[in-house]
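Asker: One structure coming up, written as structure tokens, with questions to follow.
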Amino acid sequence: MNFRRSAAALAAAAVIGVVATPVAQAADPSPSATPSVAIPSGLYGSGDPTYDGVWRQSLALLAQDAVGVRPAGQAVDWLTGQQCANGAFASFRADTATACDARTMLDTNATSAAVQALAALGGHDAVTGKAVGWLKSVQNKDGGWGFGAGSPSDANSTSIVIGALAAVGEKPAEVRKGGKSPFDALLGLALPCDGKDGGAFAYQPDKKGGLAANADATAAGVLGALGKGLDAEAGEKAAA
């Protein structure tokens, strides 16, 4: 079993261990463990999904797919049902009967994770196509993406969008805004190789334009530089 499959097996076991059925249930009835919103049927996990519902569902589906487990239909339906009419995903929508509007906080990270999960499962081209169209529409002039539409580019968001583009067969280097590709944005966040933190990525520049090494951003930046997504296998080398 390679690194990807063994790691995915652990992730899948953790998720499935939290919920014995696809219908998520609270693990602890005590007030301190009660989520601020109801856990919808089909959503994995028992924690409050307000900030990570789409994200964690996407990772759960990817993990199951990686080890050959067919996800429950209602779990997949829950994820596709979170999409807004313009193709984007928010972190979590408690009421999908109400259309997304200007107050809906659209999330490039959640959208990109959902694209990767649904592309891996197959059969969701209409959903992923609309999602990628939205991601392209909110690309920044430096070639990258921030967490929200119009927010400054960061290494984490840019990298996960690269993974989404690759998952649907796009060539990230050819997805440009203002003549810049996502790889240009990543290079702008890479620390010089001759410094003490050479090889690391910063999350974003500070107010003076300085770059500080960030472990999470570096891990994401490696995947982005590979042009790979969340299901990348160990041993691959970056062309960028």
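Asker: Would you pick out the residues in the range 65-78 that are over 18 Å from Asp125 (Cβ atoms) and surrounded by 14 or more Cβ atoms within 10 Å (Cβ to Cβ)?
Answerer: Correct list: Ala66, Val67, Val69, Ala72, Gln74, Ala75, Trp78.
Asker: Further, regarding this structure: Being among the aliphatic types (A, V, I, L, M) and open to solvent by 50 Å² or more (accessible area, probe 1.4 Å) is the filter here; which residues of the range 189-212 pass it?
Answerer: In the first step, residues of the range 189-212 are kept if they are among the aliphatic types (A, V, I, L, M); the result is 189-191, 200, 202, 211-212.
Scanning the range 189-212 gives Leu211, Ala212.
Asker: Continuing with the same structure: From Ala232, Ala219, grab the single residue that is at pLDDT below 95 and either open to solvent by less than 70 Å² (accessible area, probe 1.4 Å) or in a helix (DSSP H, G or I) (or both). Can you show your working first?
Answerer: Values: Ala219 fails: at pLDDT below 95.
Answer to the check: Ala232.
Asker: Suppose we filter Asp142, Asp101 for residues that are assigned to a loop (DSSP other than H, G, I, E, B), out of contact with any strand residue (DSSP E or B) (no Cβ under 8 Å at 6 or more places or on another chain) and of a type in the set (Asp, Glu); which single one remains?
Answerer: Numbers: Asp142 fails: out of contact with any strand residue (DSSP E or B) (no Cβ under 8 Å at 6 or more places or on another chain).
Unique residue meeting the criteria: Asp101.
For (1) open to solvent by 40 Å² or more (accessible area, probe 1.4 Å); (2) at pLDDT 95 or above; (3) closer than 18 Å to Val161 by Cβ, each residue gets a yes or a no:
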residue: Ala63; (1), (2), (3): no, yes, no
residue: Thr80; (1), (2), (3): no, yes, no
residue: Cys84; (1), (2), (3): no, yes, yes
residue: Arg93; (1), (2), (3): no, yes, no
residue: Ala110; (1), (2), (3): no, yes, yes
residue: Val115; (1), (2), (3): no, yes, yes
residue: Gly123; (1), (2), (3): yes, yes, no
residue: Lys130; (1), (2), (3): yes, yes, yes
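Asker: Please verify whether the range 1-9 includes one or more residues that are under 22 Å from Ile160 (Cβ atoms), open to solvent by less than 70 Å² (accessible area, probe 1.4 Å), modelled with pLDDT of 85 or more and of a type in the set (D, E, K, R).
Answerer: no
Asker: Only one of these conditions is not met by Phe183: (1) in a loop (DSSP other than H, G, I, E, B); (2) farther than 23 Å from Ala60 by Cβ. Which number is it?
Answerer: (1)
The values are calculated or read from the model by the stated rules, or taken from the named source; none is laboratory data. This one's a predicted model, so the numbers in the text were calculated from it and none came from an experiment. Every residue, glycine among them, receives a Cβ derived from its backbone with ideal geometry; neighbour counts consider all protein chains shown. The area values use the complete protein model at the heavy-atom level, side chains included, leaving out ligands, DNA and RNA. Shrake-Rupley method; radii C 1.70, N 1.55, O 1.52, S 1.80 Å.
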